[in-house]
Amino acid sequence: MKIKYKIGITAAVSILFLLFATYLTFNFAYFGYIKTNHGQQITQSFNVINHILNNEYESMKRTALDWAHWDDTYTFINDLNSNYISSNLTYSTLDSLDLKMMLFLDSKGSILYNTYTKLRKETAAAMIQKLLPKNNHPKALIAFADNHDIKAGLLRVHGQTFIVTACPITTSDELNESNGSLIMFREINEKMLNYIQDVSNVQINIHGYLYENSSVNKSSKFLNKNIDGLSSATVSQGNRILKDINGQPSIVLSIEKYNRYYSDVLYYFRIFMGSFLLIIAMICLIDGKIIHKYMLSRLSKLTRFMDTVATTKDTSLLINISGDDEFNKLAASANKMLSQLGSAYKNISDMNERFKIIMEATNDGYLDFNVLNKELYISPEWQAAIGYVSKDVHSLFEEYISRIHPECLEHLKEIYPSIMSGQSDYFQVQYRIIKDIGDIIWVLHRGKIVEKDVSGLPVRVVSTLTNITDSKNHEQEIVFLSYSDKLTGLSNRAYMEKQFEALDNDKTSNYFIIMGDLNGLKLTNDAFGHKEGDRLLYIVSNLLKESCAGDDIISRWGGDEFIILIKNKDEHYISYLIHRIKSACTQVVDFHFKISIALGYAKKDENNPDTESVMSLAEDRMYRNKLIEDKSARSATISSLSRTLHEKHSETEQHTMRIRNLSLSLGERLRLPQDKLDELELLALLHDIGKIGIPDHILMKPAKLTSEEWYIMKTHSEIGYRIAKSTPELSHIADEILSHHERFDGTGYPNGLRGEDIPILARIINIVDSFDVMTHKRVYKDASNTDYAIEELKRCSGTQFDPFIANEFISLLTENADSKAAASSC
């Protein structure tokens, strides 16, 4: 059906419905209006009255709240002081508040005090009796939710109506619990009734209601009455039953409202309907002409144009519809759409050509795979980069599969069914490809299923290949660094903990853990510096790598500790490996001392089911091994250190032996006990052990040392102290080694000790050492004779040297000289 017919039918039906609805509406509108309007007026009047009463309630609530939340009122409830009554509860106060009565109750509801004005005594009593029934205990009335819970309502007694409010009494800060209640009464008197009637424009009557057997009409109504002889007037009446403050429907509010008819309504209604029909007919005639000219004819033109475009498929055609309305915009939109379609066809063609050029120019490869025929197209640049030689699309597919790395091919075979299931149109996977020259590269293969068969299975897949070898190498480098020890190149603790976690998750795992603790690392750091300590760690890590099998996992656990994880091997291998590691340590000759490492191992079994327990057992066994080897290792280390010092400077060894002999002679002369003589002998041999940490260019310098060099040279006593402290066999002479360059007057180094605060053995070594230095040649000085040295000892006695020990030493030298002279004369 053409649209003009649809418009005609729609317009005819609409006009008929409009006429019928208009007739019904205006026919019943008058009586409906009268009834509805009068009912609305009655309801509105009741609403106005309720609003006025609510305003009175709020006014009363505010007044009650001001009095009830007053500290004086709160105190009054507690002590009923007369000052409060005389000052506040006067007749003038009630008049100013427009109240008839005030009641003060305690927390139990008992009346403490009441006052009223201009009210008969029996009325006041009746008000109290009606408000506080059942032995004056108004539970519901004074059951407040909180200190702001104020109750308000009406109360009718002896033909008078009152507004009543009840409020809990508390302090002004409202922090104390309520101790009573305040009830106020205000009468709805003639003045208030007149005000309500003026505002609501109705006549009001309030009277009592016996709700048990009353026949009062409880709803609003209106009646036609003749008022003042005016036949067009009506009276609307309404009754509303109100509940008092106790919740009882005991009050009836009646109102009356006067209205007038509108004259000649029916006459004008008939005239209106006739005119309305005539106007509708004229509008239909005019609208038909306008719709045909400005809508239907232009729409027909647009329809014919679109049919022509659909037939010819010529997007260059244009249509022109004059005017500035939707038809003109629709024609312009059609012209624009046809223009954009033409441009889109051209853009698609250009895009296809551009994409082809881009894919040929980029390093990424483009693949077009026909799943059914196993035909594969690969962009020429990618074929050249990988070295594909097949020219046929079938053989190219087979060659492409053959170039995938065997390990990755197995993985691809597992995920290929999920890709080809058609559940997702997109896929992304990484794998390795072997180039024709043997190089292996990583590729990122991303694609989309662009065509499916009727069952939803892929028919054609297009994808790209991106060379991600560099990013993969970088990723592997990051992983290696995060799990490697930078110094030794071994795995670090984080990597080993990850291995332990995997072993704990595999209940069938079989493994041994060897724990090793390198001996002498702290001593090396103290004696030779941390650089040599690092070299020691590096040497040991290389020994471990050379001794272990390729599948053994070696880790630097931390500091001087190493962990070796051995999987799926027997205990015979473990014993052989430990022997091999210890043997390798003995073969190292290019270090300062003999290298040794304490080792302990444990196996996973039913008593040690996880890595934590295996580690704990291996650590216990390692420490037992360390206790056995530790003493011999330290002794060997001390001997090595001493030998290193002598090898470093031959004069130091000769100097040490002379010091040893003279010190023991002086110690015996001073009658030192044997244990002190033993310590003195050890101190004489090792007092300069710290010099192994002094650079050769300073230690062997023939000229005078600079201030910086002298500062470094003086540190040898502190270096020696640290070495001794880290070695139990030397720790008892560590303080003497530290103090052997202190001076008796406190001007020595490193701590400036003086007098007998300097250990006696250090004072002996200081004298003997100084004498030996003076009487023997050094690289920086010639030797002096004994007489000169004795004079220097005397001169420095009390300043550099202990005067008593210096005097004994001089006597020893003199006696020795006399003995030698006597021997030579004989």
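Scan the stretch 96-109 residue by residue and report those that are open to solvent by 20 Å² or more (accessible area, probe 1.4 Å) and within 16 Å of residue 163 (Cβ to Cβ).
The answer is 97, 98, 100.
Against the definition (out of contact with any strand residue (DSSP E or B) (no Cβ under 6 Å at 6 or more places or on another chain) and crowded, with 16+ Cβ neighbours inside 10 Å), how does residue 310 come out, yes or no?
no
Just give me the residues in the stretch 711-738 being assigned to a helix (DSSP H, G or I) and either over 18 Å from residue 769 (Cα atoms) or more than 57 Å from the chain's Cα centre (by Cα) (or both), in sequence order.
Scanning the stretch 711-738 gives 711, 712, 719, 722, 723, 724, 725, 731, 732, 736.
Look through the stretch 564-580, keep the residues that are in contact with a Cys (Cβ under 9 Å, 6 or more places away or on another chain) and assigned to a strand (DSSP E or B), and return whichever of them is nearest to residue 494 (Cα to Cα).
564
So if I check each of 25, 36, which one is out of contact with any Pro (no Cβ under 6 Å at 6 or more places or on another chain), more than 25 Å from residue 201 (Cβ to Cβ) and at pLDDT below 85?
Going through 25, 36 in turn, just one is out of contact with any Pro (no Cβ under 6 Å at 6 or more places or on another chain), more than 25 Å from residue 201 (Cβ to Cβ) and at pLDDT below 85: 25.
Take residues that are of a type in the set (Val, Ile, Thr) and tell me which of the helices (runs of 4 or more DSSP H) falling wholly in the stretch 372-460 contain 2 or more.
393-402, 406-420
List the residue pairs whose Cβ atoms are under 6 Å apart, where the first residue sits in the stretch 459-478 and is more than 20 Å from residue 378 (Cα to Cα) and polar (S, T, N, Q), the second is modelled with pLDDT under 85 and open to solvent by less than 20 Å² (accessible area, probe 1.4 Å), and the two are 6 or more positions apart or on different chains.
none
Pairs only if they're at least six apart or on different chains, beta carbon under 6 angstrom, first in the stretch 68-84 and more than 19 Å from residue 165 (Cβ to Cβ), second assigned to a loop (DSSP other than H, G, I, E, B); list them, first residue then second.
Here the result reads 71/171; 71/172, each pair linking the stretch 68-84 to a residue that is assigned to a loop (DSSP other than H, G, I, E, B).
Would you mind stating whether residue 556 is touching a residue at least 12 places away in the same chain (Cβ under 8 Å), open to solvent by 80 Å² or more (accessible area, probe 1.4 Å) and not in a helix (DSSP H, G or I)?
Against the criterion (touching a residue at least 12 places away in the same chain (Cβ under 8 Å), open to solvent by 80 Å² or more (accessible area, probe 1.4 Å) and not in a helix (DSSP H, G or I)), residue 556 does not qualify.
Looking only at the stretch 587-605, count every residue that is more than 44 Å from the chain's Cα centre (by Cα) and either surrounded by 19 or more Cβ atoms within 10 Å (Cβ to Cβ) or closer than 22 Å to residue 621 by Cα (or both) and tell me the total.
Result for the stretch 587-605: 7.
Need the failing condition index for residue 98 against (1) in a helix (DSSP H, G or I); (2) in contact (Cβ under 8 Å) with a residue 40 or more places away in the chain; (3) among the charged types (D, E, K, R), just the number.
For residue 98, the exception is condition (1).
Looking at the stretch 586-614 only, could you name the residues that are touching a strand residue (DSSP E or B) at 6+ places or on another chain (Cβ under 6 Å), closer than 14 Å to residue 562 by Cβ and hydrophobic (A, V, I, L, M, F, W, C)?
597, 598, 599
For residue 416, are the conditions met, namely being closer than 17 Å to residue 368 by Cα, surrounded by 15 or more Cβ atoms within 10 Å (Cβ to Cβ) and not polar (S, T, N, Q)?
Spelling it out, it is not the case that residue 416 is closer than 17 Å to residue 368 by Cα, surrounded by 15 or more Cβ atoms within 10 Å (Cβ to Cβ) and not polar (S, T, N, Q).
Can you tell which of 77, 49 is among the β-branched types (Val, Ile, Thr), closer than 30 Å to residue 257 by Cα, modelled with pLDDT of 85 or more and part of a helix (DSSP H, G or I)?
Residue meeting the stated conditions: 49.
Looking at residue 509, is it closer than 30 Å to residue 426 by Cα and not charged (D, E, K, R)?
Taking the combined requirement at face value, the residue does not satisfy it.
Looking only at the stretch 740-755, how many residues end up being of a type in the set (Val, Ile, Thr) and open to solvent by less than 50 Å² (accessible area, probe 1.4 Å)?
Selection size over the stretch 740-755: 0.
Of the residues that sit in the stretch 398-424 and are of a type in the set (Ser, Thr, Tyr) and under 20 Å from residue 448 (Cα atoms), which one is modelled with the highest pLDDT?
Filtering the stretch 398-424 for residues that are of a type in the set (Ser, Thr, Tyr) and under 20 Å from residue 448 (Cα atoms), the one modelled with the highest pLDDT comes out as 400.
Which of the residues that make up the stretch 501-553 are closer than 20 Å to residue 586 by Cβ, of a type in the set (Asp, Glu), open to solvent by less than 50 Å² (accessible area, probe 1.4 Å) and more than 43 Å from the chain's Cα centre (by Cα)?
Listed by number, the list holds a single entry, 532.
For (1) modelled with pLDDT under 85; (2) touching a strand residue (DSSP E or B) at 6+ places or on another chain (Cβ under 6 Å); (3) open to solvent by 70 Å² or more (accessible area, probe 1.4 Å), each residue gets a yes or a no:
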| residue | (1), (2), (3) |
| --- | --- |
| 696 | yes, no, yes |
| 707 | no, no, yes |
| 714 | no, no, no |
| 718 | no, no, yes |
| 727 | yes, no, no |
| 730 | yes, no, no |
| 735 | no, no, yes |
| 738 | no, no, no |
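Results for (1) assigned to a helix (DSSP H, G or I); (2) free of Cβ contacts under 8 Å to residues at least 12 places away in the same chain, shown as yes or no for each residue.
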site: 516; (1), (2): no, no
site: 524; (1), (2): yes, no
site: 538; (1), (2): yes, no
site: 562; (1), (2): no, no
site: 582; (1), (2): yes, no
site: 594; (1), (2): no, no
site: 613; (1), (2): yes, yes
site: 617; (1), (2): yes, no
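Residue 486: over 30 Å from residue 726 (Cα atoms), open to solvent by 70 Å² or more (accessible area, probe 1.4 Å) and not in a helix (DSSP H, G or I), yes or no?
When the stated conditions are applied, residue 486 does not pass them.
If you go through the stretch 370-403 one residue at a time, how many are of a type in the set (A, V, I, L, M), open to solvent by less than 40 Å² (accessible area, probe 1.4 Å) and over 49 Å from the mean Cα position of the chain (by Cα)?
Of the residues in that region, 2 qualify.
Taking the conditions exactly as written (small (Gly, Ala, Ser), open to solvent by less than 60 Å² (accessible area, probe 1.4 Å) and at pLDDT 90 or above), does residue 64 satisfy them or not?
So residue 64 passes the test.
Is there any pair with a first residue in the stretch 163-182 that is outside any strand (DSSP E or B) and open to solvent by less than 40 Å² (accessible area, probe 1.4 Å) and a second that is hydrophobic (A, V, I, L, M, F, W, C) and at pLDDT below 90 whose Cβ atoms are under 6 Å apart and which are 6 or more apart or on different chains, and what are they?
Matching pairs, first to second residue: none at all.
The values are calculated or read from the model by the stated rules, or taken from the named source; none is laboratory data. Owing to the predicted nature of the structure, the values given are computational and were not obtained by experimental measurement. Note that we place each Cβ from the backbone using ideal geometry, even for glycine, and neighbour counts take in every protein chain shown. Just the protein is used for accessible areas: all its heavy atoms, side chains included, with ligands, DNA and RNA removed. Shrake-Rupley method; radii C 1.70, N 1.55, O 1.52, S 1.80 Å.
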